[in-house]
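J.: Provided herewith is a single structure, encoded as structure tokens, for subsequent inquiry.
The values are calculated or read from the model by the stated rules, or taken from the named source; none is laboratory data. Bear in mind the structure is a predicted one, so any value in this text is a computation, not a measurement. Here the Cβ positions follow ideal geometry from the backbone for every residue, glycine too, while neighbour counts run over all protein chains shown. These area figures cover heavy atoms from the full protein model, side chains too; ligands, DNA and RNA do not enter into them. Shrake-Rupley method; radii C 1.70, N 1.55, O 1.52, S 1.80 Å.
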Amino acid sequence: MNDTPLFKVSGVSKFYGQRIGCKDVSFDLWPGEVLAIVGESGSGKTTLLNCLSTRLMPTAGSVEYRMRDGQFRDLYHMSEAERRFLMRTDWGFVHQNPADGLRMTVSAGANVGERLMAIGDRHYGNIRATATDWLSRVEISTDRIDDQPRAFSGGMRQRLQIARNLVTGPRLVFMDEPTGGLDVSVQARLLDLVRGLVNDLGLSAIVVTHDLAVARLLSHRMMVMKDGYVIEQGLTDRVLDDPREPYTQLLVSSILQV
Amino acid sequence: MATPLVVSEVFKSFTMHLRDGLKLAVVNDVNFSVASGECVVLGGPSGIGKSSILKMLYGNYAVDAGQILVAHRDRIVDVAAVDPRTVLDVRRHTMGYVSQFLRTVPRVSAIDVVAEPLLARGVDAGEARDKAAALLAGLNLPRELWNLPPATFSGGEQQRVNIARGFITDHRILLLDEPTASLDAANRKVVVSMIAAKKAEGVAMLGIFHDEEVREAVADRILDVSAFSPRKAVAA
Amino acid sequence: MTELASYNFAYLDEQTKRMIRRAILKAIAIPGYQVPFASREMPMPYGWGTGGVQVTAAIIGPEDVLKVIDQGADDTTNAVSIRAFFQKVADVAVTTHTADATIIQTRHRIPERKLSEGQVLVYQVPIPEPLRFLEPRETETRKMHALEEYGLMHVKLYEDIARHGRISTTYAYPVKVAGRYVMDPSPTPKFDNPKMHMSEALQLFGAGREKRIYAVPPHTDVVSLDFEDHPFEIQRFEQSCALCAAHGVYLDEVVLDDKGGRMFVCSDTDNCEDRREHGHSGEMLAPSKEAAE
């Protein structure tokens, strides 16, 4: 087991005036680990995700990330240039709505290639070859490479968004309800794909979801949030099979059985 | 280590918050150990807490008190107290689990379901699939099913996939939750011989077997879970 | 010009000119950077060169000689009216000869004749932001410039190649100035991009509606963006000018009839006239040495 965490979160809080967004969240994430953050709308899980991914500045707390050189850096004290560079190379962010994470009016190939070009890749042929490879890895027919995502179904768009994020070989991926808004069969395919990629690439991921089945399938560990607080956390199997807190028991017992 | 699994003074209860905090004691003061090469079978009537004990050992259930000590990678780990990451590492390398039901993942073929625990440990994909194929063949799973996802398999077929998956590794501890429940006599015999082989390799096994014939064949000793039942204490 | 005595020299008041000059100085100090300025209403509509006119008004002096071109021509409506405007409000000398001009205001072209030290080329710019078509948020494009995040420019070129098999952008072709800022030379044809590189003349860009001024000082690197395997290329014309037989210049296509008849002539009218005065003549004129060759 690698004994150095990739991501260290301590005491992260975000207040919107008097209102609590999230309060005093601390955890470590190790390489290859997938953490699910579950809770209902308004529980603070998206606020927390945005704080962790530096899309939002928290009111208090710190997040440290182990850079590729092995040094820990405090994300909130990095320059914006460094942070943005990190976000488009070593990190990924998969939005619930693919339109938020894709450029809808440029081709699928360019969507995948953008990060490569952003880090200085200047060989069209290589960029296109890499984009082609990634499209097939996310099960998009490579003859769609020059089509715009506007012409894609919801599931394809979401897979394209994933390819666009993974092309630079990130070590940490944030996902905000990655299967939200998709049909159940499309969801299953996407989940399986994400699960396979996470395993193959040894990615660490933080996945926000309200769907406990998603958490069960994807995550090793989970945190349950309510009213901005993390009320229960632990091994995913344990939280789902033996929920301790009243709210978690309510969540688990509310799953519809098919 | 001769005794890779030691359970000491374990207590478990459920607090049902949705039923006004009703507290259900499951087991009290569980103490036992399993030695290498030994197969211990949990006995007692259903509902007495046999499955709960397996789930606690595997980390699916938290415990109220006590220790679950596992010899894991040159050290002793208390599964009841360590962080989730260590529990996962124990599952990957030390303690296997054959559940009663297969939790299928969409689109993953039977052979890959079986090979997965080896892949997770870094074994070469070809080697893992060869070994998976050998196990499935041994368990008489029709070859044409190997490349299909097991979601649509019958109960017995799913269970054989599950057994193969549990037996593919060289885990030093195996937990078996009614692995033969849906099998016919021929396949029950296969499982019995597989358990015997594991015993010969020095694997410590703890299982639940309702089938008397199988239980007789595999058990070195039977541990009566009634002894840990809080209801027994009330009755006495 | 007594009837215009109420106008200040070159139309703009002195405070406004100073404000614009400060923006120009800043732009020269940071080559390729878009400096915001308080663009004024001018007596002509946006899109008619109000940015270029303000820049020219801020730098022109009584001794200057002004040339104005629209496309490459000195005699089109836009060029004629701007030239007349400065004759009226500044009483400056005007010319159509590139070599004689001290200030050349242009809408598209850079004259074929090599510009020299001391000359100023003023561009009228409609949309100064090269990232605009891919990133609509001004806050974001400013940040991208500040952090030198220019991957998006290549996305645009990638799209060209994916769609057309080559970089099909022919005008407003993005350039990197002095190794730092990506700049839009809009709407200049890419044919003229190489002329911007290491030019001896000062190049000023004014966008009136978008309220931006930017500059390329003399002797500055201006590199057109491209891919290693799809390098930047300028348009090549197989024909020569039908009037002056010039090769390797930018040509306009002129449709002659509705039966497919057409000819190609120099876009730079001054250069074309100059060549003809020196005895060159193309196929539309009397047969000449070049045509015979």
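J.: Using a cut-off of under 19 Å, list every residue of segment C:27-69 whose amide N is near the label point 7 Å from the Cα of C:D100 along the Cα-to-beta-carbon line.
T.: Output list for this probe position: C:61-69.
J.: Here's another thing I want to ask about it. Given A:I119, A:C51, C:A58, which one lies farthest toward the positive end of the charge dipole of the protein assembly as shown, if we put +1 on the Cβ of every Lys and Arg and -1 on the Cβ of every Asp and Glu?
T.: Farthest along the dipole direction, towards plus: A:C51.
J.: Now, a different point. Rounded to the nearest 20 debye, what is the charge dipole size of chain B about its Cα centre when +1 sits on each Lys and Arg Cβ and -1 on each Asp and Glu Cβ?
T.: Working: 27 positive and 27 negative charges, 65 e Å.
Result for chain B is approximately 320 debye, rounded to the nearest 20.
J.: I'd like the FRET efficiency for B:A81 and C:A146, computed as 1/(1 + (r/R0)^6) with the beta carbon distance as r and R0 of 41 Å, rounded to 0.05.
T.: E between B:A81 and C:A146, to the nearest 0.05, is 0.20.
J.: Counting only residues 5 or more places away or on other chains, whose amide H sits under 5 Å from the amide H of B:T15 once H atoms are built in the peptide plane?
T.: Under 5 Å from the amide H of B:T15 lie the amide H atoms of B:L24, each far enough along the sequence or on another chain.
J.: Which FRET efficiency, nearest 0.05, do C:Y7 and C:A93 yield, Cβ-Cβ r, R0 22 Å?
T.: FRET efficiency, C:Y7 to C:A93: 0.75.
J.: Could you compute the net charge surrounding C:V265? Neighbours are other residues with a C-beta less than 12 Å from the C-beta of C:V265; K and R count +1, D and E count -1.
T.: Local charge sum for C:V265: -2.
J.: Related question: Cross-link partners among lysines for C:K190, C-alpha distance below 18 Å, same-chain residues fewer than 8 apart left out?
T.: C:K114, C:K156, C:K176
J.: Something else: Say each of C:D257 and A:R68 gets a label point 7 Å from the Cα, pointing the same way as Cα to Cβ; how far apart are those two points in nm?
T.: Distance between label points: 6.6 nm.
J.: Let me ask something else. Classify chain C from the C-alpha gyration tensor, please: rounded if a/c falls under 1.5, else prolate or oblate depending on whether a/b exceeds b/c.
T.: It is oblate, given that a/c is not under 1.5 and a/b is not larger than b/c.
J.: For B:G43, which sequence-distant residues (separation of 5 or more, or a different chain) have an amide H within less than 5 Å of its own amide H, given hydrogens modelled in the peptide plane?
T.: B:L223, B:D224, B:V225
J.: Note down the nm distance, to one decimal, between modelled labels 7 Å out along Cα→Cβ at C:R113 and at B:R19.
T.: 10.0
J.: Need one number: nm distance between label points at C:R209 and B:A200, each 7 Å from Cα along Cα→Cβ, rounded to one decimal.
T.: Roughly 8.7 nm, to one decimal.
J.: As a check on your grasp of the helix formula, calculate [θ] at 222 nm for chain C: sum -39500 (n - 2.57) over DSSP H runs of n ≥ 4, divide by the residue count, round to the nearest 500.
T.: Numbers: 8 runs with 80 residues, N = 293.
The helix contribution divided over chain C gives -8000 deg cm²/dmol.
J.: While we're on this one: Could you order C:R107, C:R262, A:R128, C:R236 so the one with the most accessible surface comes first? Probe is 1.4 Å.
T.: The residues order as C:R236, C:R262, C:R107, A:R128, largest area first.
J.: Which lysines, on any chain, are close to C:K211 with Cα under 17 Å apart, when same-chain ones fewer than 8 places away are left out?
T.: C:K17, C:K26
J.: Please state the charge dipole magnitude for chain C, taken about the Cα centre, from unit charges on C-beta atoms (+1 on K and R, -1 on D and E), reported in debye and rounded to the nearest 20.
T.: Using only the charged Cβ atoms, the result is roughly 960 debye.
J.: Take the Cβ-Cβ distance between B:H210 and A:Y229 as r, set R0 to 25 Å, and report the resulting FRET efficiency rounded to the nearest 0.05. It would help to have the intermediate numbers written out before the result.
T.: Details: r = 44 Å, r/R0 = 1.74.
Once rounded, the FRET efficiency stands at 0.05.
J.: So what is the 222 nm mean residue ellipticity for chain A from helices alone, if each DSSP H run of at least 4 adds -39500 (n - 2.57) and you divide by all residues, rounding to the nearest 500 deg cm²/dmol?
T.: Mean residue ellipticity at 222 nm (helix-derived): -11000 deg cm²/dmol.
J.: Once you charge only the Cβ atoms, +1 for Lys and Arg and -1 for Asp and Glu, what is the size of the charge dipole of the protein assembly as shown about its Cα centre, to the nearest 20 debye?
T.: It works out to roughly 1860 debye.
J.: Heavy atoms only, probe 1.4 angstrom, no DNA, RNA or ligands counted: give me B:K131, A:K14, C:K176 ranked by accessible area, highest first. The partial results should precede the final answer.
T.: Working: B:K131 100, A:K14 35, C:K176 60 Å².
Of B:K131, A:K14, C:K176, the descending order of accessible area is B:K131, C:K176, A:K14.
J.: Considering amide H positions built from the backbone, and no H for Pro or chain starts, which residues 5 or more places from A:V25, or on another chain, come under 5 Å of its amide H?
T.: Answer set, sorted by chain and number: A:G11, A:V12, A:S13.
J.: Could I ask something else about it? Just counting partner chain Cβ atoms within 10 Å, what average do the residues of peptide C:223-236 show around their Cβ?
T.: 2
J.: Report the gain in length on full extension from A:Y16 to A:A81: 0.36 nm times residue separation, minus Cα-Cα distance, nm rounded to one decimal.
T.: Using 0.36 nm per residue and subtracting the Cα-Cα distance, I get 20.8 nm.
J.: Mind checking which lysines have their C-alpha under 23 Å from A:K14, skipping anything on the same chain fewer than 8 residues away?
T.: Here the lysines satisfying the reach criterion relative to A:K14 are A:K23, A:K45, A:K226.
J.: Tabulate in residue order the Karplus-calculated ³J(HN,Hα) for segment C:240-247, using 6.51 cos²θ - 1.76 cosθ + 1.60 with θ = phi - 60°, rounded to whole Hz; enter x for Gly and Pro.
T.: 10, 4, 5, 9, 10, 6, 5, 10
J.: Moving to a separate point now. How big is the B/A interface in buried accessible area, both sides summed, 1.4 Å probe, to the nearest 100 Å²?
T.: 2300
J.: Then there is this: Once phi is turned into θ = phi - 60°, what whole-Hz ³J(HN,Hα) does the Karplus curve with 6.51, -1.76 and 1.60 give for every residue of segment B:201-210, x standing for Gly and Pro?
T.: 7, x, 7, 8, 10, 10, x, 10, 9, 7
J.: Could you give me the ³J(HN,Hα) list for segment C:54-71, computed from phi with Karplus coefficients 6.51, -1.76, 1.60 and θ = phi - 60°, whole Hz, x at Gly and Pro?
T.: Rounded to whole hertz, the list is 5, 5, 4, 4, 6, 10, 6, x, x, 8, 6, 10, 9, 10, 10, 10, 10, 6.
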